[in-house]
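Just below is one structure, and these are the notes that go with it.
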Amino acid sequence: MSILAILRALFAKPISLDNRLKAMPLEDLPCEKPLQIRWNKWQVPYIFAETDEDLALGLGLVHAHLRGTQLAMMQRLTQGRLSEIGGPMLHELDRTLRLIGFGAATDECIASWPEESCRLVDAYCVGLNHYVATAYPKHAPPEYRMIGVDIEPWQRADIVRCGRLAATDINWVVFLGALGERLRPDFARRWKRMREAGEMEPEMFAKEAEGGIRALDEMLLETARAGSNSASVAPRRSESGAAMISNDPHLSLALPNLWLIGGIKSPSFHAVGMMIPGTPCMPLGRNHRIGWGGTNSRAASTDLYDVSMLPRDQIKSESVTLKTRFWRDRKITLRRSPMGPIISDSRYFKARPGEELALRWVGHGPSDELSALLGIMRASSVEGYRAAFETYGVSAQNMMAVDVEGNIGKFLAGWMPRRDEAWLKDDLVHRADDPSHDWQGVEKHTEMPWVYNPPEGYIASANDRPDYVKRTVGFFYSPKDRVNRIAEFICRKAKVGIEDFAALHRDAHSSEAEMMARELLIEIDQHSFTNPEIIGLIERLRDWDGSYLATSSGAVAFEVIVYHLVSSLATWQDENKKPARLAGQWGALKKFLVADLRALSPEDHLRTLDHVMMEAARDAVQFATWGDMHRVRLAHVLSNIPVIGRRFVIDEPASDGSRETLMKRAHGLVRSRHTATYGAQARQISDMADPDRNYFVLFGGQDGWIGSENQADQAKLWNDGGYMRLPLREETVAKEFDRVQHLKPRKR
């Protein structure tokens, strides 16, 4: 990385859409037939191909064009090679990523692909590689030159590893946090409370973590499809008289967005939807017959085992070299047990003295998510959509679909380990020498119950416990707040339309927080306060209706009181009398906080509230509204770089939303101005009454190029509650995607 490359990125010149499109190679392409790519003003592509392989090649071209630097980063991330970009400070992160082993079953996965999947993946890689070879010598993004690495030729193995990265088990983030707590002498009590609450948001672990653990947490959250809202309604509940579906994934809010929007048409595929660069599939989308989406199920496809008691000849070691930028290379040793890699060799996964913790993950074995996701893009019914997931192993998702016949359905996709029902009752680590802790095979989605055309005429999913599955498949889920809010929203309407789903996406009301505020007021009103600032704080809380709109005054009062109450109760403190790492979990706050206050003696109750209300009033007086306190950062991922990172921040506006509102803007315990870095970052609404009624928007923009007019141009659209239309009718596409490129094959 040269000083010139850094300066070019720091002071990147604006570049127009038309100039960006000039980078697309149009002649002498390695395709069989001519390709047409149409673009709208948001730089969203629509690819028309005469063969399926040429469509995959076109997707490769488009992904490299829009997200080349993101692809280069993902390529190295999946292999644990970030030290080649960031230097020795990333050695431990690379060690951890290599131990996790996103490529552990690469060869077996590829061997399981049917011939068609192989052809499409190969064509996709040809497209990626051709774009980089022809466009990057003259048209490389400024951020690409800054990171100082080349995009290596993509192969089938890269596609497998990217798929496994997207299949990250979100429970790993829970493990990272809980293992640290497990070192404490009072862990048994804390674990019991965690299990009783039964609700946990992994992004709160990331916010409360420090150093390298936080970096790993946030990296896993960014790619693991950790949260989402999804809802569908049957024809009798929709304004159009047809089924409808809404998707609202929650991930990192950094730019570029993980998702990329587009449309495709070839002999076998005709769909619009959202894709993840590095894979030629649409996990969220719509074709002429079905609309589909879903949420992370929070089911656990992973267990931790203490393997310290196993014979040493069962532990295999491998020495690898971490190539390192700005420093000498480093050799490390990776160890593997029969249960999986020994993850406690990483400093991030804490073990008790004498323990060796192994990570057993379904994703370390072969499965074929790629063919499943290709299959859903041409499914013609809800039942056909479900059948397409036969080979889908990880990660476990609550998948949802609607079809033109009016059917709606939801099921748990993924291969779930069969475990003893007492699983994780007393600890989150199993003994490798105890047969009762072993897996008894895996259970596929076709063996589990599912939801199909429920009598209530709607389905809602928000990372909550999948009650339709009758056995234990996970241990911590999102609270029911969001799924209950969706149900309430739908049921109070006679009929639901596009505008209603759009309003649902923007909803920033928390009934659970409002109820908790009422409970707190009962406790506060037991005492007489005379301080004017405290009286003002109480009135703000009393007038609050549970709204987390940026204009709300009461949300500030509620949050600062909760912050100081947690800080003042011994049951929520660590050994330093500060809030424990798990104290910000909303499920635990709802279940235990007011109860713990009520359990105090009358004297302690008064003394605690005197202190809490005084401190909270001092904080709250600084913020007239929630938006003054609660911000969202619109920034490139390079904004995390020390010193120069601020240059990559575009804006930090006030934001609606909170930890468990539908318009999600996650935060932990807060008393001051803060920035939400995780939450809602893509939206879709599809109405099966009309193939053109599909609406999408991204938080930020479509283009990863710093300085592009499409880098963050959807931010205003997002804030205004707007969407762009992605039609399926070709005549509509021709009108709305007015920039046309004709790509010609090589002359033979």
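Numbers for the structure displayed
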| quantity | calculated |
| --- | --- |
| Sequence-distant residues sharing a close amide H with residue 284 (under 5 Å, placed H) | 274 |
| Dipole-positive endmost among 241, 139, 450 within the chain (Cβ charges, Cα centre) | 139 |
| Charge dipole (debye, nearest 20) of the chain; +1 at Cβ of Lys and Arg, -1 at Cβ of Asp and Glu | 1440 debye |
| Protein-only accessible surface order, largest first, of 575, 369 at 1.4 Å | 575, 369 |
| Gain on full stretching of the segment that runs from residue 347 to residue 447 - 0.36 nm per residue minus C-alpha separation | 32.1 nm |
| Ellipticity estimate at 222 nm from DSSP helix runs (n ≥ 4, -39,500 (n - 2.57)) divided over the chain, nearest 500 | -10500 deg cm²/dmol |
| Area accessible to solvent at residue 447, 1.4 Å probe radius, in Å² | 100 Å² |
| Amide H contacts under 5 Å for residue 255, placed H, 5+ residues apart | 635, 636, 637 |
| Cα shape, segment 325-390, gyration tensor, a/c 1.5 rule | prolate |
| Gyration tensor (alpha-carbon) shape descriptor, segment 56-147, a/c threshold 1.5 | oblate |
| Among 357, 638, 504 - extreme Cα towards positive end, dipole of the chain, charges at beta-carbon | 638 |
| Positive-end extreme of charge dipole, the chain - chosen from 260, 228, 721 (charges on Cβ) | 260 |
| From phi via Karplus (6.51, -1.76, 1.60), per-residue ³J(HN,Hα) for segment 430-442 in Hz, x at Gly/Pro | 9, 8, 5, 9, 9, x, 5, 8, 7, 7, 10, x, 10 |
| Other-chain or far-sequence residues with amide H under 5 Å of residue 322's (modelled H) | 330, 331, 332 |
| Positive minus negative residues near residue 454 (Lys, Arg vs Asp, Glu; Cβ under 14 Å) | +1 |
| Candidate values (1) 175; (2) 203; (3) 157, label of the one derived for volume of the Cα convex hull per residue in Å³ | (3) |
| Most to least accessible of 687, 433 (protein chains only, probe 1.4 Å) | 433, 687 |
| Separation in nanometres of the label points that stand 7 Å from Cα toward Cβ, at residue 519 and residue 315 | 4.6 nm |
| Loop-located GluC sites (Glu not before Pro) in segment 449-503 whose Cβ has at most 14 other Cβ within 10 Å (DSSP) | 456 |
| Where GluC sites (Glu not before Pro) fall in DSSP loop in segment 9-59, at most 16 other Cβ within 10 Å | 27, 32, 50 |
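The values are calculated or read from the model by the stated rules, or taken from the named source; none is laboratory data. Keep in mind it's a predicted model, so treat the numbers as computed, not measured. Because the Cβ atoms are built from the backbone with ideal geometry, glycine has one as well, and the counts that use them run over all protein chains shown. These area figures cover heavy atoms from the full protein model, side chains too; ligands, DNA and RNA do not enter into them. Shrake-Rupley method; radii C 1.70, N 1.55, O 1.52, S 1.80 Å.
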